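Each reported figure results from applying straightforward, stated rules to the coordinates on display, with no laboratory input. Everything numeric here is computed off the predicted structure, so don't read it as measured data. Every residue, glycine among them, receives a Cβ derived from its backbone with ideal geometry; neighbour counts consider all protein chains shown.
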Amino acid sequence: MDIKPHDNEKGFTLVELLVALALAGIVSTAIYASFNSQERVYKAQQLIVEMQQNIKSAMLIATKEVRMANAYLGKEKGLEWKDDSGLGQNILGFQAHNDFEEGRDAIDIVNADFTLKTYIEKDMPIPSSELDVVSVVDQETGAVFQEGMFAIITNGVHSDLMEITTVQGAKNPSAAQKLQRNSSAPSGLNNQQGLINDYLIGDIVLAAKLVSFRIMEPASEHPYIGISLNYNPNDAPADRNYTRLVDDIEDLQIVYIFQDGDEANEPDDTDADTTNNYENVSAIRLSIVARTREPVRGFSGSAPIDLEDHDVTNTQDGYHRRVLTEEIVVRNFHL
């Protein structure tokens with residue numbers, strides 16, 4: 001049986017197929033370009049949000065410590081201690097190391113940990129490197145003094161810093177309660193010559209909190225703000241151990257603001273002008289620079305950042321940056 005095709009049955013011509021393929025390619029390219037653009041914008045937004053979270057976290061931690069600097073360090077001379085040679089020294093509750101590394105500042109902070117305290121039980125003539133205390137356990141919090149800690153001994157006017165090498169009575173409340181700095185201990189604070197000041201019954205002993213911040217690996221792909229806790233004040237910042245605190249923080253700057261409104265990178269207690277002395281500091285301006293974890297595609301960079309006495313000029317590198325500045329009113333500089 002013969003089947004004849006209908007006259008109106010037609011297929012696609014080669015030209016029609018090529019046109020269809022070209023149109024499909026154009027549509028596909030447009031869809032991919034749109035998706036790629038959206039993916040790039042989303043990735044950039046993620047990096048920027050991460051950067052903002054980092055800089056806020058760094059500022060929150062730093063401002064909390066700065067605000068408590070100098071707490072319970074006494075009204076005269078700040079905190080006193082003896083260095084390795086036995087010479088009397090003073091340590092400030094807040095100290096900025098201006099232009100510490102490649103124009104970036106570092107910060108040292110000392111204050112008291114009020115969750116761990118006790119009281120002198122017997123008068124302490126100087127020299128003395130042994131504290132007879134009511135208890136080596138805080139009666140309110142249950143916290144215990146530990147070997148290797150630093151302690152602040154204060155009468156409200158003078159304060160000493162002592163490194164604790166021996167704790168007696170922690171496991172036996174009825175035994176003698178003592179905090180000691182043994183002269184045979186490795187190099188540290190308060191050698192055999194003892195403390196600088198004498199203290200009487202009822203004077204307070206608190207655990208000391210020493211905190212230092214600095215920018216680590218500033219020239220690397222991932223600079224970060226490092227923190228060093230309960231370091232030995234005999235050691236310069238460059239000799240301390242810092243742990244990673246917040247990633248992708250590349251600059252830290254400090255400015256002192258005095259009661260008369262003047263500003264300076266550091267106090268000057270040596271000139272005739274007493275208005276810019278340490279005890280006249282009313283606030284600290286802290287500035288932090290953060291950048292994205294990696295360069296952002298399609299972004300060439302931003303304008304140079306004018307940041308206190310250290311301008312950030314290498315900004316044409318594809319990184320988004322943000323500056324966060326906080327003026328912190330200090331509570332304890334001029335008790």
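Descriptive notes on the structure:
- Glu279 versus Gln139: modelled label distance in nm, points set 7 Å from Cα along the beta carbon direction: 3.4
- Applied to the stretch 141-151, the Karplus parametrisation 6.51 cos²θ - 1.76 cosθ + 1.60 on θ = phi - 60° returns per-residue 3J(HN,Hα) values of 9, x, 5, 10, 5, 10, 5, x, 6, 10, 10 Hz, with x for Gly and Pro.
- Sorting Ile288, Ile257 by the number of Cβ atoms found within 10 Å of their own Cβ, with the fewest placed first, yields Ile257, Ile288.
- The slack in the chain from Thr115 to Glu263, taken as 0.36 nm per residue of separation less the alpha-carbon distance, amounts to 49.8 nm.
- Degrees separating the helix 14-67 axis from the principal Cα axis of the chain, which is the longest one: 10
- Tally of Lys pairs whose C-alpha atoms are under 15 Å apart, taken over the stretch 52-329, 8 or more apart or cross-chain: 5
- Taking Glu250, Glu147, Glu163 as the candidate residues, the one with maximal mean-square fluctuation in a Gaussian network model of the chain, Cα springs under 10 Å, is Glu147.
- Theoretical ellipticity at 222 nm over the chain - DSSP helices of four or more residues, -39500 (n - 2.57) apiece, nearest 500: -6000 deg cm²/dmol
- Using a Förster distance of 35 Å, the FRET efficiency for Glu16-Phe299 (Cβ separation, nearest 0.05): 0.20
- Debye log10 I(q)/I(0) for the stretch 52-329, one point scatterer per Cα, at q = 0.12 Å⁻¹: -0.80
- Subtracting the Cα-Cα distance of Thr313 and Leu23 from 0.36 nm times their residue separation leaves 99.6 nm of extension gain.
- Peptides 102-115, 234-247, ordered by how many other C-beta atoms sit within 10 Å of their residues on average, highest first, read 102-115, 234-247.
- For the pair Glu217 and Val41, label points projected 7 Å from Cα toward Cβ lie 3.4 nm apart.
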